[in-house]
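Notes to accompany the following structure.
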Amino acid sequence: MSRRTPSPVTGAARSPFSSRNDSVKSSAFRRVRTTAAASAGLLAVLAAGTVAAVPANADPAPASTAPAASMLAPYYTALDLTGDKQVNKLDLQVVADHIGATPASADWAAVSVADVDADGVITVKDLAAVSERMIYDDGPFTLIEASTLDMQAAMNAGVITSVQLTQAYLDRIASLDKAVVDTGQGGRALNSIISTSSVALQAAAAADATRAADGMTSMLLGVPIALKDNYDTKDMPTTGGCGCWDNNQTTDDAKMVAGLRDAGAVILAKASLDEFAFGFVSEYSSFQAAGTSTLVASPYATNRSAGGSSGGTGAAISANFAGIGFGTDTGGSIRVPSSYNQLVGIRPTVGLTSRDGIIPLALSQDTGGPIARSVTDAAVALDAVVGVDPNDPITAEQTGLVPDSYTSYLDPTALQGKRIGYIPSMIGSNATTVRLFNEAVAALTAQGATVVALTAPTGFAAVLSETSGSTNEFNHDLNVYIQNHLGSQVTARSLQGIIDSGKYVPSRLSTYNSRKAVTDTTYQNWAGPTGTHTVAIATGHDVVTKMMTDNNLDSVIYPSGTPYGQVGSNLRLSPNTGMPAVTVPMGQSIAADNVTTTGGVNLEFLGKDYTEGTLIGLTYAFEQATKARTAPPLYSAAG
């Protein structure tokens, strides 16, 4: 499909933090090595070949043959001496070989970056400082709330393997997902996972072999991923949450899934969703008797919804059933479960990630993106799934607008000097949301941002009132997926076939009938090149972009919702403009609010086209300042 041509990106300039800024050390370093301790034994450790997960007898590889991995930057890459975009044993060997070097030394240029204390001589103290930039931790590994950094540090140190990590997640799913853990009134099972991969452990073993041979080739190497079950996977059925497609085994992966596999990720499981991604309650019928369905529950209060339509992904990631998750968003389906489950969700610019191989809802607004426990994890995940895809022509728009790595924006000072706007009517009246939004504004201001209240421009109300494209587009777009991707063994090959199968969420029958009745003329008048919806999105994009430009804004913020609810039409701002949004936890309800006391609320940051990097920087700085996410107590013990 076509969409407006984006204006040049002017707000995406990177602001990398200083390579000497110790404030950005990850929690992965649970026992940060002190200089004294490192100085005492580091040379001996280096000689023994146990500093990093590289074979003990490996010779230092020349920089030209080292794996060109995409690593966290710049803190974890600034002291790289070998050109492989990471600090590992090879770099420590270079520093050790140059102990005593000074600016007068012939090869000073090759090692000067390692003079961390800037005293003009390479010492053991510098060697220790370089070692602190390694993604390596040989302390105890804890699965609960483990980040990609935690996982990579432990796997690099040999504390855990990807096989063991994958098995641990599989064990948690088997033990907890269908169990009623919540003994309170209305407590029910999470039901967040539809299927698990029978070859996940093989993929994990392959990742372990890659690490042994080549080191950490990617920040996703060996990390288990849960996908919303509308992403095609060649090793698991893709049901769309509908029992009518239980046997939809596709022959290939969705483009985004292929990117994850290329990065060495382990595709662990398919997460439940609202059937065909229709709504926010996440009710599905996959692998159930005809006429029956199941609801996904929030791990914070299982008598509550996990949101939707990517509710299974949200519940699974929050309950620590996988390392990172992926969802899709047409009108809020990444951001609602992220808010309900205190997670970070990225709804990318429409055009940044390919939709090829994903069951569509409305291609005018569909986009896929990560759902994670931290901004860092979301940025790492996003790196693997961007790219131009000829099977989704809109992705050509991103050419020249994608950074080498979105992790380069992970700057705790990113809010300094930024200008952020909000429209007061988008805050709503919910006591928890109002309190948390005010606290968030204070936190943003304390971090150096200027936060300004805006008057909604002419046409802004129309942007929020434009409805989802799913009613008029679903039948048309589904038929394209059926033609190009649906497994040949599936007999329900149309909306009528789905109805005839009898295997769907019973309450959806009237919806299927009404969407089946949409004619091609209605579709074209809505979503065609000059259709009303197409024009509305283009107009909305221009209205909001101009508002940001006129007010010199880096982002527009608003609450993603309330505890287990929404605020007006806030969630439509991103899909009705095609512009990116990142949602991040800003806190939870409390008894004084006189609302549900277990509910979280997220703050959403909207940006101009293809400024995901800027948004990642802003949300990372906000996250680091507030530390608002809490793990669900019911699922915080090892399973």
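The values are calculated or read from the model by the stated rules, or taken from the named source; none is laboratory data. Only a predicted model underlies this, so the values are computations on that prediction, with no experimental measurement involved. Here the Cβ is made from the backbone with ideal geometry for all residues, glycine too, and neighbour counts use every protein chain on show. The area values use the complete protein model at the heavy-atom level, side chains included, leaving out ligands, DNA and RNA. Shrake-Rupley method; radii C 1.70, N 1.55, O 1.52, S 1.80 Å.
Numerical summary
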read-out	value
Nearest-0.05 FRET efficiency for Arg419 and Ala109, computed from C-beta distance (R0 41 Å)	0.55
Rg [Å, one decimal], Dmax [Å, integer] - the range 442-596, C-alpha atoms	20.5, 59
Built amide H within the under 5 Å cut-off of Gly587, gap 5+	Val601
Folded to 0 to 90 degrees: helix 162-176 orientation relative to the chain principal axis, Cα	40
Per residue solvent-accessible surface (Å²) - the chain, probe of 1.4 Å	34
Phi to ³J(HN,Hα) by Karplus 6.51 cos²θ - 1.76 cosθ + 1.60 over the range 314-330, Hz, x for Gly, Pro	x, 5, 5, 6, 5, 7, 6, 9, 6, x, 9, x, 10, x, 10, 9, 10
R0 of 35 Å, Cβ-Cβ distance Asn438-Ala179: FRET efficiency to nearest 0.05	0.35
For the chain, calculated [θ]222 nm from helices alone, where every DSSP H run of n ≥ 4 adds -39500 (n - 2.57)	-9500 deg cm²/dmol
Portion, in percent, of the accessible area of the range 376-501 that falls on carbon or sulfur, probe 1.4 Å	51
When the convex hull of its Cα atoms is projected in every direction, mean area for the range 132-201 (nm²)	6.1
Among Phe605, Ile99, Leu190 - extreme Cα towards positive end, dipole of the chain, charges at beta-carbon	Leu190
For the chain, with +1 on Lys and Arg beta carbons and -1 on Asp and Glu, the positive-most of Ser507, Thr367, Leu343 along the dipole	Ser507
Cβ charges +1 (Lys, Arg) and -1 (Asp, Glu), total dipole of the range 473-583, debye	420
Cα-Cα over 20 Å, subset of Lys255/Lys516; Lys178/Lys270; Lys228/Lys255; Lys178/Lys627; Lys85/Lys418	Lys255/Lys516; Lys178/Lys627; Lys85/Lys418
Whole-Å distance, taken between Cα centres, linking the range 153-178 and the range 399-437	33
Cα gyration tensor shape of the range 127-283, rounded if a/c is under 1.5, else prolate or oblate by comparing a/b with b/c	oblate
Dipole moment magnitude, nearest 20 debye, the chain about Cα centre, only Lys, Arg, Asp, Glu C-beta charged	1280
Farthest positive-ward along the chain dipole, Cα basis, beta-carbon charges - from Ala462, Thr545, Ala203	Ala462
FRET efficiency, 1/(1 + (r/R0)^6) with R0 35 Å, evaluated for Ala631 and Gln202 via beta carbons	0.70
Between helix 612-626 and the chain: long-axis angle, C-alpha atoms, 0 to 90°, nearest 10	70
Straight-distance crosslink candidates among aspartates and glutamates, where the alpha carbon sits under 14 Å from Lys546 and sequence neighbours closer than 8 are dropped	Asp554, Asp609
More than 15 angstrom apart: percent of Cα pairs within the range 565-639	65
Interatomic Cα distance distribution for the range 486-538, bins of 5 angstrom, percent	5, 17, 19, 15, 15, 15, 10, 3
Surface share of carbon and sulfur [accessible, 1.4 angstrom probe, percent] for the range 107-215	56
Note, ³J(HN,Hα) from phi for the range 575-584, Karplus 6.51, -1.76, 1.60, rounded to Hz, x at Gly and Pro	x, 8, 10, x, 7, x, 9, 10, 10, 9
Thr445 paired with Gln483, simple spin-label distance in nm, labels 7 Å along Cα-to-beta-carbon	5.6
Whole-number D in µm² s⁻¹ for the range 519-621, Kirkwood Cα-pair radius fed into Stokes-Einstein, 25 °C, 0.890 mPa s	159
Highest to lowest packing among 536-542, 310-316, 459-465, scored as the average C-beta count within 10 Å	310-316, 536-542, 459-465
Degrees separating the helix 470-484 axis from the principal Cα axis of the chain, which is the longest one	70
Full-extension gain in nm, Asp500 to Val452, via 0.36 nm per residue minus C-alpha separation	11.8 nm
P(r) tail fraction, the chain - alpha-carbon pairs more than 32 Å apart, %	47
